[in-house]
Amino acid sequence: MTTQGIPSPGDGLRLHLNENTGGCSDRVLAAVHALTATDLATYPDYRRVVGACAAHFGVDQDWVLLTNGLDEGIFVTSVACFARAHDASLEAIVPVPAFDPYLTSATAVGARIVRVPPGPDFAFPLEGVLSTITPKTRLVFLNTPNNPTGQTISREALRQIIEAASHATVVIDEAYVEFADGSFLDELPRYRNVVVGRTFSKAYGLAGMRIGCLIAHPETLEPIRTSTPVLNINIVAAAALQAAVSDAAFLPRYAAQVTASRQRLYDASRRFGIECWPSAANFVLVRVGERAPEVVAALAAQGVHVRDRSKDAYSPGCIRITAGVVAHTDAAISALEAAVASGVVTVRGGDK
Ligand SMILES: *Cc1c(COP(=O)(O)O)cnc(C)c1O
């Protein structure tokens with residue numbers, strides 16, 4: 001079952017959308033409860049929340065555009081790059097396997113999509129991306145750590161692409177950067193063609209609130225800002241975001257759970273003879289073989305929902321498992337072990 005294209009499995013442990021499996025900060029709940037009837041009757045004023053968000057990222061306020069989830073940020077960036085151009089030959093470059101909204105958003109606004117496949121073991125295709133950059137390139141989507149592979153793109157590779165695509169907009173989607181080392185934000189002032197995307201859906205546990213942001217030089221942001229509905233963030237999400245960024249203890253606690261969970265998934269995969277790839281994000285991609293949809297169904301029957309990535313030509317035989325609270329990961333590992341025992345998983349016999 002899906003709602004608006006997103007899998008909606010029903011009850012059970014949700015390890016299929018990389019949500020924070022422990023929920024959001026208590027400070028967020030308190031801030032939401034504190035809203036009054038008058039607050040909800042009022043059009044939002046974003047000055048304070050933008051200020052808090054800018055301070056959080058260490059940039060000036062005019063470098064920040066709040067969006068209704070980073071999904072909206074991806075969409076409005078696509079609009080700014082293509083919609084007014086009225087030229088169906090302009091291109092968006094998407095290294096694959098990729099987060100679907102890059103493809104759907106760029107397609108919706110009339111871009112030609114240029115897919116760049118990964119190297120062995122999902123290595124980032126630097127040469128492939130560089131060789132597809134042409135005068136037709138308007139937008140390049142880079143995602144580090146990548147969803148669904150968990151792999152990162154090196155600083156040097158990012159710089160080379162940004163420089164080679166200086167006539168285009170380069171989006172660096174850092175949706176999972178809180179689980180990895182180092183954001184590109186510290187280099188952002190050097191580039192006018194780069195937009196960094198962040199979300200509060202994953203590490204901060206605010207997926208239901210729909211809040212993300214774009215960060216870029218004000219001139220870079222201007223055409224995107226004018227393509228964005230002016231009151232796109234509701235007042236509840238704005239209050240939630242302010243509270244979330246005020247809770248400095250929340251993130252390190254959750255990141256430690258994620259690190260431990262990733263390690264458990266690697267160890268279990270090795271034990272079961274399943275291939276998996278080291279991840280810098282809050283999920284691990286594992287290859288369960290040709291019967292991946294049956295594996296997903298077998299896990300769901302045990303109340304554990306994981307993401308079937310096997311229909312994507314660039315991640316054949318793979319499922320993606322969210323690595324959140326350790327107890328949740330352990331439940332997923334037990335379910336996977338039962339699936340392995342039932343013979344539905346293709347195993348390779350022995351340790352890697
Ligand atoms: C989850 C995700 C996002 C954004 O999610 P929102 O909930 O819309 O903020 C963006 N990019 C990637 C790669 C993601 O996985």
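Got a sec? Which of Thr149, Thr169 is in contact (Cβ under 8 Å) with a residue 60 or more places away in the chain, closer than 16 Å to Leu214 by Cα and in contact with a helix residue (DSSP H, G or I) (Cβ under 7 Å, 6 or more places away or on another chain)? Don't jump to the end; show me each part of the working.
Values: Thr149 fails: closer than 16 Å to Leu214 by Cα.
Only one candidate passes the filter, namely Thr169.
Scan the stretch 298-319 residue by residue and report those that are surrounded by fewer than 21 Cβ atoms within 10 Å (Cβ to Cβ), part of a helix (DSSP H, G or I) and either touching a residue at least 12 places away in the same chain (Cβ under 8 Å) or in contact with an Asp or Glu (Cβ under 9 Å, 6 or more places away or on another chain) (or both).
Once the filter is applied, which keeps residues that are surrounded by fewer than 21 Cβ atoms within 10 Å (Cβ to Cβ), part of a helix (DSSP H, G or I) and either touching a residue at least 12 places away in the same chain (Cβ under 8 Å) or in contact with an Asp or Glu (Cβ under 9 Å, 6 or more places away or on another chain) (or both), the stretch 298-319 yields Ala298, Ala300.
Test each condition in (1) surrounded by fewer than 20 Cβ atoms within 10 Å (Cβ to Cβ); (2) assigned by TED's automatic domain parsing to the domain that holds Leu158; (3) within 16 Å of the ligand (Cβ to nearest atom); (4) in contact (Cβ under 8 Å) with a residue 40 or more places away in the chain for Leu17 and report the one that comes out false.
Unmet for Leu17, out of (1) surrounded by fewer than 20 Cβ atoms within 10 Å (Cβ to Cβ); (2) assigned by TED's automatic domain parsing to the domain that holds Leu158; (3) within 16 Å of the ligand (Cβ to nearest atom); (4) in contact (Cβ under 8 Å) with a residue 40 or more places away in the chain: (2).
Table: residues versus (1) buried (at least 19 other Cβ atoms within 10 Å of the Cβ); (2) in contact with an Asp or Glu (Cβ under 9 Å, 6 or more places away or on another chain).
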residue	(1), (2)
Lys136	no, yes
Phe141	yes, yes
Pro145	yes, yes
Leu185	no, yes
Val194	yes, yes
Leu214	yes, no
Pro218	no, yes
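Taking the stretch 61-113 as the search range and keeping residues that are among the β-branched types (Val, Ile, Thr) and touching a Cys at 6+ places or on another chain (Cβ under 8 Å), which one is farthest from Val49 (Cα to Cα)? Even if it seems obvious, please write down each step before you answer.
Step one: list which residues in the stretch 61-113 are among the β-branched types (Val, Ile, Thr), which gives 64, 67, 74, 76-77, 79, 93-94, 96, 104, 107, 109, 113.
Those left that are additionally touching a Cys at 6+ places or on another chain (Cβ under 8 Å): 64, 67, 109.
Working: Val64: 10, Thr67: 12, Val109: 30 Å.
Ranking the candidates gives Val109 first.
Residue under question is Arg291, and the condition is that it be of a type in the set (Lys, Arg) and under 19 Å from the mean Cα position of the chain (by Cα); does it hold? I'd like the intermediate steps shown before the answer.
Values: of a type in the set (Lys, Arg): yes; under 19 Å from the mean Cα position of the chain (by Cα): no.
Answer is no for this residue.
The values are calculated or read from the model by the stated rules, or taken from the named source; none is laboratory data. Every value quoted in this text rests on a predicted model; they were computed, and no experiment measured them. Please note: Cβ atoms are built from the backbone with ideal geometry, for glycine as well, and neighbour counts cover all protein chains shown.
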